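Coordinate-derived values only; no laboratory data. It should be emphasised that the depicted structure is a prediction, and the values quoted were computed from it without experimental measurement. Every residue, glycine among them, receives a Cβ derived from its backbone with ideal geometry; neighbour counts consider all protein chains shown.
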């Protein structure tokens, strides 16, 4: 009777909290994340194509000047007249249709023999490439180099010994002196490369080491750029009035919006600084922003009580607490996996058992998102698949050798709803058959207990395991 009352009380509390959450969320709007947009130059005339290296920002249209990030102001650069599309590396500035490069530290133009920069150049490790070229210029060697098989296409980029360009299914490796065509690489337009990652118009990036495209669910438009594991790009919303803004993504903070001017594009990144072209003032100006940390990173931990890790302590966290209200806190043996906003949890009532005891197993599926989800087509009655294996990974017992399938139906979970699936194992080895006549008790030792939803069709199963020990 007490257990029944406790369950009913729990359900009542949970129902009240859910109603409060729904009521509270009707008026709540999650604000977009913006960073301080700092003007670099708002001079008359068009200032375009900003690029950045270390402490300096330069751009097309700059005349005898550059932006010093540390001093937060424009500084003099005598002789620096950028009248083409620029690129920068190691304080060397190059630009289209130039016969030299500008050395920021020396504050002078250097004219190495044979350098004649073409359209849309890029530079790294003192190697300069540009569109529609059969080679590259080596500043150290002071000469053009024409390696076998190199035919650079439109809008190239270079990092170390790898050259990429638009509309290509491969990249050129300078060290190997050959084109490399990894599986799945299909560069669209305006690629950028950093180490083994290539970004271009799409939803993520291509990883050369993994030889696969990693989709992040983004809408990368414009000309993206990448620095370490940070990506920047501009979106494009063609519905009038057209809106173009800058976004960034990294593995910890995920997608964040940088601007809300609706007319920002051409983003470039170095370390934690992003620069771009912005027309918010009716002119093509250059702006920058410094990326700060985010809630959940090592320097900004989640608030105490933030159970769903959305960086707020609110009624949703209270709903999660209510869903576990009055649960027994007796120590259990558990493990869990979170995938696509769904938590898959497996537990046994303890980790050490005496021979002959029953092992109580629980497999729980919880929706951690703010919207309903379809987990997959599950066996009617909500039955899981439990399996016991020994330390040699040999099958000892499986639930579906005991209970055959009985048809499937879709398992749907509302926000923060969970479904519990339970079963008891009596420490019997079923010998791989349905017949009880060849069953026998298991011996002492360690066993792995695995639970998963028995899903039909193409739905991905998520097995979760714990280990138990049986003693005399």
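Rounded to the nearest 500, what is the 222 nm mean residue ellipticity of the chain from helices alone, with -39500 (n - 2.57) per DSSP H run of 4+ residues and division by all residues?
Details: 2 runs with 35 residues, N = 472.
The helix-only estimate for the chain comes to -2500 deg cm²/dmol at 222 nm.
Computed from the coordinates I sent, volume of the Cα convex hull per residue in Å³ equals one of (1) 140; (2) 210; (3) 170. Tell me the label.
(2)
When N is the residue count of the stretch 330-471, what does its C-alpha Rg come to as a fraction of 2.2 N^0.38 Å? Mind dumping the intermediate values first?
Working: Rg = 15.5 Å, N = 142, 2.2 N^0.38 = 14.5 Å.
Expressed relative to 2.2 N^0.38 Å, the Cα Rg reads 1.07.
Calculate how steeply helix 2-27 sits against the longest principal axis of the alpha-carbon atoms of the chain, using the helix alpha-carbon long axis, and give the answer as 0 to 90 degrees to the nearest 10.
It is inclined by approximately 20 degrees.
Please give the FRET efficiency for residue 110 paired with residue 74, using the beta carbon to beta carbon distance and R0 = 35 Å, rounded to the nearest 0.05.
Working: r = 23 Å, r/R0 = 0.64.
After rounding, the FRET efficiency stands at 0.95.
Neighbouring Cβ atoms within 10 Å as the yardstick, rank 159, 467 fewest first. Don't skip to the end; give the middle numbers.
Values: 159 21, 467 13.
If I rank by nearby Cβ atoms, fewest first, I get 467, 159.
Which order do 430, 314 fall in if you start with the one that has the fewest other Cβ atoms within 10 Å?
Working: 430 20, 314 15.
In order of increasing Cβ crowding within 10 Å: 314, 430.
Just need the relative contact order of the chain here, percent rounded to a whole number, with Cα pairs under 8 Å and 6+ apart. Don't skip to the answer; put the middle values down first.
Numbers: 1137 pairs, mean separation 46.6, N = 472.
The normalised contact order for the chain reaches 10 percent.
How large is log10 of I(q)/I(0) for the stretch 67-133 at q = 0.22 Å⁻¹ when the intensity is taken from the Debye formula with one equal scatterer per alpha-carbon?
Evaluating at q = 0.22 Å⁻¹ gives log10 I(q)/I(0) of -0.93.
Let's test the formula: R0 of 25 Å, r as the Cβ-Cβ distance of residue 469 and residue 324. What FRET efficiency results, to the nearest 0.05? Can you show the working numbers first?
Numbers: r = 27 Å, r/R0 = 1.09.
Once the sixth-power term is evaluated, E becomes 0.35.
Only bridges whose two residues both fall in the chain count here: according to DSSP, what percent of them are antiparallel, nearest 5?
Details: 123 of 127 bridges.
Restricted to the chain, the bridges split so that about 95 percent are antiparallel.
What does DSSP give for the stretch 330-471 in terms of the percent of beta bridges that are antiparallel, rounded to the nearest 5?
On the way: 48 of 51 bridges.
Expressed as a percentage, antiparallel bridges in the stretch 330-471 total about 95.
With a point put 7 Å past each Cα toward its Cβ, work out how far residue 410 is from residue 195 in nm, to one decimal.
4.2
Quickly work out the residue 394-to-residue 46 label distance, labels modelled 7 Å from Cα along the C-beta direction, and quote it in nm with one decimal.
7.7
If each residue of separation counts as 0.36 nm, what is the full-extension length gain between residue 181 and residue 311 once their alpha-carbon separation is subtracted? Write down the numbers at each step before the final one.
On the way: separation 130, 0.36 × 130 = 46.80 nm, distance 4.26 nm.
This chain segment gains 42.5 nm when fully extended.
Taking the Cα-to-Cβ direction at residue 304 and at residue 424 and moving 7 Å from each Cα, how far apart do the two end points lie in nm?
Distance between label points: 4.1 nm.
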